[in-house]
Amino acid sequence: MKTWIIAAVAAVLSVGSAAAEPPVIGGVVFQQDQYFRGIQLGMEDASKGQATLLEGNSENKAEKEANFIDTFVARGAKAIVIAPISGKASVRALQRANDKGVKIVLYGTKLDADFPVAFVGTSDSDIGEGTGKVAASFIKKELGGKANVAILAFRSQLPEQSDGRTNGFLKAAQDGTTLNIVARQDAWLAEKAVAVASDILTAHPEINLIYAANEGGTVGAVQAVKRAGKQGKVFVFGTDGSEQLANFVLDPDRILIATTAQKPFEVGGDAVRTALAAIDGKPVEKTIMVPALPLSRDNPDEVKTFLADLKKLQ
């Protein structure tokens, strides 16, 4: 009898221990910059004591992304939190995971499929408009209401996201102004953007404004203007928030006039919390939007606050 009781108690404790084990969640980023570092920190913070977080960086490679997804499923992930690198190409691997009961939560970029349980992100149109509103005011005050514009985008990488930001910027920047779009090219990595922006400035000396649709393009545009010695003649309006970009906004050279940041820590945290709720069978919102954060020279205190908040995450 005693042996039976001990065995029964051990079995109950074993079941209880297994039930108490936190679920496994896979988290994927597709490049390493300050935005995605913020995403990772947000995921890690929301996972503390709640989930075992497996992390991976696909480095913009579809095969690597698919391998991470399959690996996470093999390791028992109950959910995958991911910014897919392609709305179409990323579907197959994520569909395999979904078919095995894994909850798929997207952030930042969307998928051409209905099976993800939720999307967490910031409106690309709002991101563009945040910078565009500052640009409209600047063009009226300092450029006589007219601007010759070059655009650095990333259509070949993520066309919907790139167009959403660019069109949002142009819509807002055209409020009471005249824009002449002189050049429009893809350049989303800083090194490439420096070269592309430098070539554009050489070929079109009439350009006095550059809009860049992401962090790398913004950094490259600022560096290209500086290298060309065109401070005070060409002004940059950008996208995304980082320590480097915030310092560019505060720099007395007046090259970067404004950028619109996202809140990656909040996005990463909300994505994991949504995944946890979905794993527990709780209802979740299909779309969760995190507001954008415009940063401009008109409000240096807000830029300094942003910098201080970034340092807390390091």
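Derivation of every value follows stated rules applied to the coordinates shown; laboratory data play no part. These numbers come from a predicted model, not from an experiment. Note: ideal-geometry Cβ built from the backbone for every residue, glycine included; neighbour counts use all protein chains shown.
Provide 279, 210, 288, 69 in ascending order of the number of other Cβ atoms located within 10 Å of each residue's Cβ, fewest first. Numbers along the way, then the final one.
Details: 279 21, 210 30, 288 18, 69 27.
Fewest-to-most ranking of 279, 210, 288, 69: 288, 279, 69, 210.
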What are the lysines whose alpha-carbon lies under 16 Å from the alpha-carbon of residue 304, with same-chain residues fewer than 8 places away excluded?
263, 312
Tell me what the chain gives for mean residue ellipticity at 222 nm when only DSSP H runs of n ≥ 4 count, each as -39,500 (n - 2.57), the sum divided by the residue total, rounded to 500 deg cm²/dmol.
-16000 deg cm²/dmol
Would you give the gap between the C-alpha center of the range 230-271 and the C-alpha center of the range 110-132, rounded to a whole Å?
20 Å
With DSSP loop assignment and no more than 16 other C-beta atoms within 10 Å, the chymotrypsin sites (Phe, Trp or Tyr not before Pro) in the range 147-207 are none
Rg followed by Dmax, in Å, when the chain is reduced to its Cα trace:
22.8, 94
Burial ordering of 123, 90, 242, 137, fewest other beta-carbon atoms within 10 Å first
123, 137, 242, 90
Across 37, 96, 297, the residue with the highest GNM fluctuation in the chain (Cα network, 10 Å cutoff) is 96
Computed for the chain: size of charge dipole around the Cα centre, +1 on C-beta of each Lys and Arg, -1 on C-beta of each Asp and Glu, debye to nearest 20, value 100 debye
Just in the range 161-245: which trypsin sites (Lys or Arg not before Pro) are loop by DSSP and have at most 14 other Cβ atoms within 10 Å?
233
Placing +1 at every Lys and Arg Cβ and -1 at every Asp and Glu Cβ, with all other atoms neutral, what dipole size does the range 172-219 have around its Cα centre, in debye to the nearest 20?
40 debye
Where does the range 124-261 land on Rg/Rh, using Cα atoms and the Kirkwood Rh?
0.92
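Provide 309, 240, 126 in ascending order of the number of other Cβ atoms located within 10 Å of each residue's Cβ, fewest first. Don't jump to the answer; show the numbers that get you there.
On the way: 309 13, 240 24, 126 18.
Sorted ascending by nearby Cβ count, the order is 309, 126, 240.
Quick one: net charge of residue 25's neighbours, Cβ under 10 Å, K/R +1, D/E -1?
Working: positive: 78, 103; negative: 55.
Result for the neighbourhood of residue 25: +1.
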Looking at the chain, which longest stretch skips every one of the GluC sites (Glu not before Pro) that is in a DSSP loop with at most 12 other Cβ atoms within 10 Å, leaving the sites themselves out?
60-205
